[in-house]
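**Student:** First the structure, then my questions, so here it is.
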Amino acid sequence: MNLSTRQLEAFLLVARLASFTRAAEHAHMTQAGLSATIRDLENQFSCRLFDRTTRSVRLTVEGRALLPFAERITNELRAATHAVQASAATSRSVLTIAVTPIAATTLIAGACREFSTRMPEVEVRIKDVPQTEIQRLVETGEVDMGLTIFLKPASNIDALQLMSFRLMCIAPHGTLKIRPGKTGPEMRWQDLPDLTLITLPSTTQLQPVIDMHLMENTDFKGQRTSYNSMQTILAMVAGGQGMSILPSMVFPACHPAQFDVAYLSHPAIRLPFFRLSRKGAQLPDSAASFIEALTVTSRSHV
């Protein structure tokens, strides 16, 4: 059996109006076409659904048996259509993004302002979570996309590199030997001052990478202390508690009255920054516009 919504709606219309002529006019179709639709429905049930005379059209016993089921099926299909359309409209008008708290502060806030001038009808919802949570939120479909420096290889994740951030030294104002570079203030790894190094925990994905380059390019053996968030590290540096090595995404949070900031050179180390999305899932059209806004607002510190 291959019932269609069109057949059931035609059946209900004839039953309600008790006339093929009026039902055809109401459905904006020919009477012959409506009759053919009802005949096909009757053929599928192998029985007549209407008794027809030149003066009247009435439901048969079988037609009356079908009536409540046809009403329920068509009502549920209409409700399903409305629900799907409402969900699609919401998906088009909302963009959900997972980022770390520091990225939300230094990158995403500016990108949101720029994006709102491009697509003011779209609401951006930011989930500021630990870096290790970003990929999980993408995999489960709780967010449309994630933005992160690091990712774990996964068969169900598409990763697109958007840009890269240089490693930089951040220290209390007046403590770094800074020289002008092509892209901003620079200093050599070998010129790191003898200050306490404030780091992230070694269990994070970022800190072992920083430590590897620190070991390869310096003989630094000074004191170290660690904190769980980059925001705390920046506050401690501003308070004169030491220096830190972090990606240049934090540049906007480093006020020149409080910090010395320099890109580390010889060698310059870049960390790729990715957009993560679930493989096979279609990103909202607004995602591309948001990435463009992010690219524009991040140019000064990549």
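The values are calculated or read from the model by the stated rules, or taken from the named source; none is laboratory data. These numbers come from a predicted model, not from an experiment. Using ideal geometry, Cβ is built from the backbone for each residue, glycine included, and neighbour counts are taken over all protein chains shown.
**Student:** Can you pull out the residues in segment 1-49 that are among the hydroxyl-bearing types (Ser, Thr, Tyr), in contact with a helix residue (DSSP H, G or I) (Cβ under 7 Å, 6 or more places away or on another chain) and exposed (fewer than 15 other Cβ atoms within 10 Å of the Cβ)?
**Tutor:** 5, 21, 30
**Student:** Quick check on segment 285-302: of everything there that is at pLDDT 90 or above and surrounded by fewer than 19 Cβ atoms within 10 Å (Cβ to Cβ), which residue is nearest to residue 137 (Cα to Cα)?
**Tutor:** 287
**Student:** Quick one: which of 109, 104, 98 is under 45 Å from the mean Cα position of the chain (by Cα), outside any helix (DSSP H, G or I), hydrophobic (A, V, I, L, M, F, W, C) and closer than 18 Å to residue 144 by Cα?
**Tutor:** Criteria check complete, one pass: 98.
**Student:** Can you pull out every residue in segment 182-198 that is part of a loop (DSSP other than H, G, I, E, B) and of a type in the set (Lys, Arg)?
**Tutor:** Hit for segment 182-198 is 182, nothing else.
**Student:** Among what's in segment 159-208 and is more than 35 Å from the chain's Cα centre (by Cα), loosely packed, with under 15 Cβ neighbours inside 10 Å and not basic (Lys, Arg), pick the residue that is farthest from residue 289 (Cα to Cα).
**Tutor:** 194
**Student:** Within segment 1-44, can you find the residues that are assigned to a helix (DSSP H, G or I), within 14 Å of residue 70 (Cα to Cα) and free of Cβ contacts under 8 Å to residues at least 40 places away in the same chain?
**Tutor:** Answer for segment 1-44, where residues must be assigned to a helix (DSSP H, G or I), within 14 Å of residue 70 (Cα to Cα) and free of Cβ contacts under 8 Å to residues at least 40 places away in the same chain: 6, 7, 10, 13, 16, 38, 41, 42.
**Student:** Residues of segment 152-175 being touching a helix residue (DSSP H, G or I) at 6+ places or on another chain (Cβ under 8 Å) and either part of a loop (DSSP other than H, G, I, E, B) or farther than 25 Å from residue 229 by Cα (or both), which ones?
**Tutor:** Matches in segment 152-175: 152, 154, 156, 157.
**Student:** Can you name the number of the only condition in (1) of a type outside the set (S, T, N, Q); (2) in a helix (DSSP H, G or I); (3) over 19 Å from residue 107 (Cβ atoms) that residue 257 fails?
**Tutor:** (2)
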